[in-house]
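Single-structure report; data block below.
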């Protein structure tokens, strides 16, 4: 059995220094890996990333992350990524990593993702250049996620995103903002490539559990949703348990 701890939307800043580290001390007893589903900082300030890096330095388990929209706000996302990677956090964007876990091999493919909406209420790359660019960016990141996920030759595969791949986990959010919270293209990418579990954040007022059209469990691990330092999900025989 592989145990995955996951949380997103930490929105870390200087005032949170010292608040996460205590919860990591018992992490190895509960999980084999920690996955972070984006929005690690408030406005993508490298100083905010440095505070989080202090909390995660010398982690008791491997830590894998994707960035979120907040981490891009200051146009310094490369610096944010570098600071986190300097303390051993693996940050993914259309990439994958393989971890040796409890005698097995866990593959994690990650991407920030993007918006666009869901079947029956989604944007299309038609019309103005700005609209074409918006939807084509979603197509590009979904394709990158699918390629990274499909390329994993591991016992278990997990898709890690910030934006939502299904609309089920957005229940509680205003319908008007669904197109800015995720895209069905991400869910289709996960279904085509195959995975045991898909994780995302971003939807603070959503709900935890959903499923892709192909039957893959989806979990919204945004901190305001799970209301704890992290949730733990168990994967057994290539399937999510519970």
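Every number here is computed from the coordinates shown, using simple stated rules; none is lab data. The shown structure was predicted, so the numbers you read here are calculated from the model rather than taken from an experiment. Positions of Cβ are generated from backbone atoms using ideal geometry, with glycine treated the same way; all protein chains shown enter the neighbour counts.
Shape of segment 42-113 from its Cα gyration tensor (a ≥ b ≥ c, root eigenvalues): rounded if a/c is under 1.5, otherwise prolate when a/b > b/c, or oblate? Oblate, because a/c is 1.5 or more while a/b does not exceed b/c. When shorter helices are ignored and each DSSP H run of at least 4 residues is given -39500 (n - 2.57), the per-residue value for the chain at 222 nm works out to -7500 deg cm²/dmol. Sorted on the mean count of surrounding Cβ atoms within 10 Å across their residues, most packed first, peptides 157-170, 220-233 read 157-170, 220-233. Each semi-axis of the equivalent ellipsoid for segment 75-195 is √(5λ) with λ an eigenvalue of the Cα gyration tensor; in descending order they amount to 27, 17, 14 Å.
Normalised by 2.2 N^0.38 Å, where N counts its residues, the alpha-carbon radius of gyration of segment 1-124 equals 1.10. If you wrap the tightest convex hull around every Cα atom of segment 2-241 and split its volume per residue, you get 112 Å³.
Per residue, the convex hull around the alpha carbon atoms of segment 154-242 comes to 85 Å³.
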